[in-house]
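Notes to accompany the following structure.
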Amino acid sequence: MSQRVIIIGAGPGGLATAMRLAAKGYDVDLFEAEDRVGGRMRGFEDGSYAFDTGPTILQLPRVYEELFAESGLRLKDYIRFKRLEPNTRLRFWDDTQLDLTSNIAAFKAQLAQLRPDLPAAFERWYVEHFRKDVVGYKPYLGTPVRPVLGYLRFDELMAALPFRPWESLYDHYWRFFQDERLVYGLSYPAKYLGMHPTVCSSIFSLVSFLEFEYGIWQPEGGFRALAQAFARAAEDLGTRIHLNRPVRQIWIDGGRARGVEMADGERIAADAVIVNADFGYALQNLIPKQARGHYTDAKLQHMQFSCSTFMLYLGVDRRYEGLPHHQLYLSDHIRRHERPWVDDSALDETNPSFYVCNPTLIDPGNAPEGHSTLFVLAPIPNASYHVDWAAKQQSYRDLIIKRMALLGFDDVERHIVSETCYTAETWRDDYRTYQGAVFNLGHNWNQLGPLRPPIRSDAAQQLYWIGGAVHPGSGLLTILEAARSAAFFVGQDVPLTSMSMVTAG
Ligand SMILES: Cc1cc2nc3c(=O)[nH]c(=O)nc-3n(C[C@H](O)[C@H](O)[C@H](O)COP(=O)(O)OP(=O)(O)OC[C@H]3O[C@@H](n4cnc5c(N)ncnc54)[C@H](O)[C@@H]3O)c2cc1C
């Protein structure tokens, strides 16, 4: 008999960990509360329209290829990715438009229109980031987290110091460009780390570089197809995925995870339990009090969680040809450096920044002929700030629909056939996300690396966490890296018998 692992949740982190462990020879059962896999990425259909719900930006396809290859599979047998051009179109408060693109010559030509010295400044930034990628990616993102003191290695520190990791993203970009359009345009990925550029470490400028250097990609069939691809691969490797099977509680005894207790009271034993359910939600709902360690309710309240997102998923009876896949409107309000602008602690009802994805041009199967779907996102306070959505939802929706014209989506209201709206409360209640903080824990200095919750629980043995709350962070790319670490820790703590390795091999 092989060692049995139970995974709670079929989000990207749970599925990727299932693939890795099943490929090694573990006997994996994955329990998912909902009727489909994918977590925040699960998507939904409304009539003949199909929508992605969460991620729309796929970076570094090599991380996906590695996940499949290291599990003994080929990514292309499960899903294919298409590269986007441009990566993202930005429109600024002053009506400037800038296409972020991996065609560096074309990007520099746009910069020259803004100010003649900017192309050379960008060249310096780009060259520096080739080195930052080498020095930063593998030791900090691509390997299991070390204890704090483990980061005090002379050679690594000497290599990292020239990149001034103590600087904020704002200061970093200002030092290179002295132009706020570039400062905020290049630091837009900070938003999906739950951070304003003035409080986010400059180490995250690496994300923008990775997008320039390796592009942004779209899975064929959307991100809901990517979730299905992970699930098919996990099943092909032997994982049993149980849908509509909510776990009620993790069964912990004698300081060790023993298995799970299901909603119907059944207890299922395992040698290791991996929690992919959202960190804050799971602490409050799935972990017995004595096994929460120092993550008490009081501690949770002091941790910094990301913003939430207001979402409109629209099916419209027309196509928006010529408008790029990803577009972002950056309002003047992003330039304010005080609350509520830096921490999204109040709803911006006058001039919010927002994002629109126009996926049907590259993924025509998601809407009837001549129609399209649109994915509209505006950052909003998470549920801890108690916005009265019953009172505000309609007016906020009207505001966002009106503002879509700023990105070239004219006359949207007249063309809407299908409409679904999410607020922070939807993410909290329907997706079991603590405070509806969709990008999970913020990436402040005190919540980075070894200061994030550990993958290998320090409150109970043979209990592990996988997902956006743990190191290295809250996006798909980082969660897939974390899955590698989770499988590594399980391998150390619950080694396979030689018999199960022979079977898997
Ligand atoms: C609007 C939005 C846009 C985003 N954009 C991007 C992007 O462009 N690029 C990017 O990289 N990332 C993006 N993200 C972030 C990314 O989607 C998340 O980081 C990722 O989905 C989190 O994955 P996860 O594995 O932590 O788990 P989740 O996706 O949260 O999945 C957790 C799973 O656990 C299940 N579960 C919970 N409780 C139980 C229980 N008791 N029993 C059984 N199952 C349970 C849930 O149903 C769910 O399926 C975005 C997120 C959102 C919401």
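In region 143-163, the condition of being more than 23 Å from Gln447 (Cα to Cα) and at pLDDT 85 or above is met by no residue.
Scanning region 275-293 for residues that are polar (S, T, N, Q) and either more than 8 Å from the ligand (Cβ to nearest atom) or not in a helix (DSSP H, G or I) (or both) turns up Asn276, Gln284, Gln290. When region 138-186 is filtered for residues that are crowded, with 17+ Cβ neighbours inside 10 Å and aromatic (Phe, Trp, Tyr), the ones remaining, listed by number, are Tyr140, Phe163, Tyr170, Tyr173, Phe176, Phe177, Tyr184.
Yes/no matrix, rows are residues, columns are (1) among the hydroxyl-bearing types (Ser, Thr, Tyr); (2) on the phi < 0 side of the Ramachandran plot; (3) in contact with a Phe, Trp or Tyr (Cβ under 9 Å, 6 or more places away or on another chain):
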residue: Ala269; (1), (2), (3): no, yes, yes
residue: Ile274; (1), (2), (3): no, yes, yes
residue: Phe279; (1), (2), (3): no, yes, yes
residue: Leu283; (1), (2), (3): no, yes, yes
residue: Pro288; (1), (2), (3): no, yes, yes
residue: Gly293; (1), (2), (3): no, no, no
residue: Asp297; (1), (2), (3): no, yes, no
residue: Gln301; (1), (2), (3): no, yes, no
residue: Cys307; (1), (2), (3): no, yes, yes
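Restricting attention to region 114-121, does a residue exist that is under 29 Å from His443 (Cβ atoms), free of Cβ contacts under 8 Å to residues at least 24 places away in the same chain and not aromatic (Phe, Trp, Tyr)? No. The criterion of at least 3 residues that are crowded, with 20+ Cβ neighbours inside 10 Å and of a type in the set (A, V, I, L, M) is met by the following strands (runs of 3 or more DSSP E) wholly inside region 321-385: 372-380. The single condition from (1) over 19 Å from Asp297 (Cα atoms); (2) within 13 Å of the ligand (Cβ to nearest atom) that Ser485 fails is (2).
Within region 1-59, being assigned to a strand (DSSP E or B) and within 15 Å of the ligand (Cβ to nearest atom) holds for Val5, Ile6, Ile7, Ile8, Val28, Asp29, Leu30, Phe31, Phe44, Phe51, Leu58, Gln59.
Does at least one position in region 294-303 carry a residue that is in a loop (DSSP other than H, G, I, E, B) and within 13 Å of the ligand (Cβ to nearest atom)? Looking through region 294-303, none of the residues is in a loop (DSSP other than H, G, I, E, B) and within 13 Å of the ligand (Cβ to nearest atom).
Residues in region 179-201 that are among the β-branched types (Val, Ile, Thr) and at pLDDT below 95: Thr198, Val199. Yes or no: Asp458 assigned to a loop (DSSP other than H, G, I, E, B), in contact with a Gly (Cβ under 9 Å, 6 or more places away or on another chain), surrounded by fewer than 19 Cβ atoms within 10 Å (Cβ to Cβ) and acidic (Asp, Glu)? For Asp458, the condition - assigned to a loop (DSSP other than H, G, I, E, B), in contact with a Gly (Cβ under 9 Å, 6 or more places away or on another chain), surrounded by fewer than 19 Cβ atoms within 10 Å (Cβ to Cβ) and acidic (Asp, Glu) - is met.
Scanning region 402-441 for residues that are within 25 Å of the chain's Cα centre (by Cα), away from the ligand (no atom under 14 Å from the Cβ) and crowded, with 18+ Cβ neighbours inside 10 Å returns Met404, Leu407. Contact map, region 279-302: residues that are of a type in the set (Lys, Arg) paired with residues that are more than 16 Å from the ligand (Cβ to nearest atom), Cβ distance under 9 Å, separation 6+ or inter-chain. Pairs shown: Lys289/Thr296; Arg292/Lys299; Arg292/Ala459. Across region 456-478, the qualifying residues are those that are closer than 17 Å to Gly142 by Cβ and at pLDDT 95 or above, and the one among them that is farthest from the ligand (Cβ to nearest atom) is Ile466. Only residues that are farther than 27 Å from Met41 by Cα, touching a residue at least 24 places away in the same chain (Cβ under 8 Å) and of a type in the set (D, E, K, R) were counted across region 313-339, and they come to 2. The residues on offer are Lys82, Lys76, and the sole one that is at pLDDT 95 or above, more than 9 Å from the ligand (Cβ to nearest atom) and either among the aromatic types (Phe, Trp, Tyr) or assigned to a strand (DSSP E or B) (or both) is Lys82.
Just checking, which of Val342, Val356 is hydrophobic (A, V, I, L, M, F, W, C), free of Cβ contacts under 8 Å to residues at least 60 places away in the same chain and under 27 Å from Gln435 (Cα atoms)? Spell out the reasoning first.
Working: Val342 fails: free of Cβ contacts under 8 Å to residues at least 60 places away in the same chain.
Exactly one residue qualifies, and that residue is Val356.
Results for (1) modelled with pLDDT under 95; (2) among the hydroxyl-bearing types (Ser, Thr, Tyr); (3) in a helix (DSSP H, G or I), shown as yes or no for each residue.
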site	(1), (2), (3)
Ala390	no, no, yes
Tyr396	no, yes, yes
Leu399	no, no, yes
Lys402	no, no, yes
Phe409	no, no, no
Glu413	no, no, yes
Glu419	no, no, no
Glu425	no, no, yes
Arg428	no, no, yes
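Taken over region 199-249, the criterion of being touching a residue at least 24 places away in the same chain (Cβ under 8 Å), farther than 22 Å from Leu141 by Cα and charged (D, E, K, R) is satisfied by Glu220, Arg224, Arg232, Asp236, Arg240, Arg245, Arg248.
The residues of region 138-169 that are of a type in the set (Phe, Trp, Tyr) and under 17 Å from Phe209 (Cβ atoms), listed by number, are Tyr140, Phe163.
Is it true that some residue in region 44-54 is under 30 Å from Gln178 (Cα atoms), crowded, with 21+ Cβ neighbours inside 10 Å, touching a helix residue (DSSP H, G or I) at 6+ places or on another chain (Cβ under 8 Å) and not assigned by TED's automatic domain parsing to the domain that holds Val376?
Taking every residue of region 44-54 in turn, none turns out to be under 30 Å from Gln178 (Cα atoms), crowded, with 21+ Cβ neighbours inside 10 Å, touching a helix residue (DSSP H, G or I) at 6+ places or on another chain (Cβ under 8 Å) and not assigned by TED's automatic domain parsing to the domain that holds Val376.
With respect to Ile216, determine if the residue is of a type outside the set (D, E, K, R) and under 15 Å from the mean Cα position of the chain (by Cα). It is true that Ile216 is of a type outside the set (D, E, K, R) and under 15 Å from the mean Cα position of the chain (by Cα).
For region 229-258, which residues satisfy the criterion of being farther than 25 Å from Arg40 by Cα, buried (at least 19 other Cβ atoms within 10 Å of the Cβ) and touching a strand residue (DSSP E or B) at 6+ places or on another chain (Cβ under 6 Å)?
Of all residues in region 229-258, those farther than 25 Å from Arg40 by Cα come to 251-258.
Then keep just the ones that are buried (at least 19 other Cβ atoms within 10 Å of the Cβ); that gives 251-252, 257-258.
Trp251, Ala257, Arg258 - these are the residues of region 229-258 that are farther than 25 Å from Arg40 by Cα, buried (at least 19 other Cβ atoms within 10 Å of the Cβ) and touching a strand residue (DSSP E or B) at 6+ places or on another chain (Cβ under 6 Å).
The values are calculated or read from the model by the stated rules, or taken from the named source; none is laboratory data. As the structure is a prediction and not an experimental result, all values here were calculated from the model. So basically every Cβ, Gly included, is an ideal-geometry build from the backbone, and we count neighbours across all protein chains shown.
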